[in-house]
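The values are calculated or read from the model by the stated rules, or taken from the named source; none is laboratory data. Since this is a predicted model, take the numbers as computed values, not measurements. Don't worry about glycine lacking a Cβ; one is built from the backbone with ideal geometry, like all the others, and counts go over all protein chains shown.
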Amino acid sequence: MSWKSDGRGSHASSSSPSIGQKGPGSSGSGSGRQPIHLHQSPKIPPFLQVKSKFDSEWRRFSVPFKDATTPGYQDFRNLIEGLHDLHNIPFTLCYTSVAGDLLPITNDENFRKSFESAKPTLRLLIQRKGESWEEKYGYGTDTIDRKRKGISVLITGSKPVKRNYNISSPEDFRQVSAIIDVDIVPQAHRRVRLCKHGSDRPLGFYIRDGMSVRVTQQGVMKVQGIFISRLVEGGLAESTGLLAVNDEVLEVNGVEVQGKTLDQVTDMMVANAPNLIITVKPANRCTTLQKRAEEEPFKSRKLGQEDEDSDEDEVVDYTRASLNGAR
């Protein structure tokens, strides 16, 4: 379901808020180190112009951002609830994106994401819970339907697809972790980003110091290293499945931990907790896939040689058999 503006707004001359990219800096980096992709978030505009629609009721208003801080999703929902008098009516909030899709607003993250579609006005659609097409069949399906339209539909005479499935609508869905820089980090290492999104949820792991084996110019040597000693049950690190006990920590936000004490590494992790990026050497890394990839060419070559030999033997045997039959 989509809807259009009912005309030129009273604030048509106002400029659209600029949306940029800004990422938090790491605690330090040296020359020659590998680049790290930091989490980026859009700049906060000074205010947000909103045009909301509920049934046949239209509202225009602006939401000022005091001290460059955005209101939370719940505060914005309460504002909409008061403007349209929806105190006793369960409702859903959706906005029209730049691409024309109707996308939901269910938490602080996609509420901030909707700022990118405010050019200059954020078009908001309010519906009663359970009556919207997108809530039943999934948001973003308008894009798929538009791709099916056009002259190709007239030529082929295809009928619209009848959907008979329901898709749930998560209300607090957000990214909590990611594996990044897979094309830069060595194959035996893993670079993990843990995202807290401003929540008070702890990272959920403990570290310890220990001895690590390193290959240097003088040969194999034992050096001091930092390892993950324990994962908190139900914590952020355990829920990602990307970190495990006895994983060796190599870098924290681009800074190598070699030569640093346990307290120094702890301080680095606490300082970068909102957007922590750690490079680890997994303790239980499976190398069977790599071995198979190395062994497959040799196996296929041997199989090919055996097939050629077997074919040649069969030809010789059949020829001899035919000659003996002729005699």
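Computed quantities for the displayed model
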read-out	value
Set LYS136, LYS113: member being at pLDDT 55 or above, over 21 Å from ARG60 (Cα atoms) and either outside any loop (DSSP other than H, G, I, E, B) or among the basic types (Lys, Arg) (or both)	LYS136
Odd one out for ASP75, checked against (1) under 30 Å from ALA273 (Cα atoms); (2) assigned to a loop (DSSP other than H, G, I, E, B); (3) at pLDDT 85 or above	(2)
Tally of residues being under 26 Å from the mean Cα position of the chain (by Cα) and of a type outside the set (Phe, Trp, Tyr) across segment 76-122	27
Complete set of residues in segment 77-124 that are basic (Lys, Arg) and either more than 17 Å from GLN49 (Cα to Cα) or out of contact with any strand residue (DSSP E or B) (no Cβ under 6 Å at 6 or more places or on another chain) (or both)	ARG77, ARG112, LYS113, LYS119
Boolean, SER31 is among the hydroxyl-bearing types (Ser, Thr, Tyr), modelled with pLDDT under 80 and over 21 Å from SER117 (Cβ atoms)	yes
Selected residue [over 30 Å from the mean Cα position of the chain (by Cα), modelled with pLDDT of 50 or more, of a type outside the set (A, V, I, L, M, F, W, C) and more than 30 Å from TYR206 (Cβ to Cβ)] from ASP263, ASP317, ASP311	ASP317
Candidate set: segment 87-116, residues that are among the polar types (S, T, N, Q) and within 20 Å of GLY72 (Cβ to Cβ); chosen: the one surrounded by the most Cβ atoms within 10 Å (Cβ to Cβ)	SER114
PHE205 closer than 13 Å to LEU276 by Cα and buried (at least 18 other Cβ atoms within 10 Å of the Cβ)	yes
Where a residue in segment 63-83 is surrounded by 12 or more Cβ atoms within 10 Å (Cβ to Cβ) and its partner, wherever it lies, is among the polar types (S, T, N, Q), with Cβ under 8 Å and at least six apart	TYR73/THR106; TYR73/ASN107; ILE80/SER52; LEU83/SER52
Residue tally, condition among the small types (Gly, Ala, Ser), assigned to a strand (DSSP E or B) and farther than 16 Å from PRO282 by Cα, over segment 180-220	1
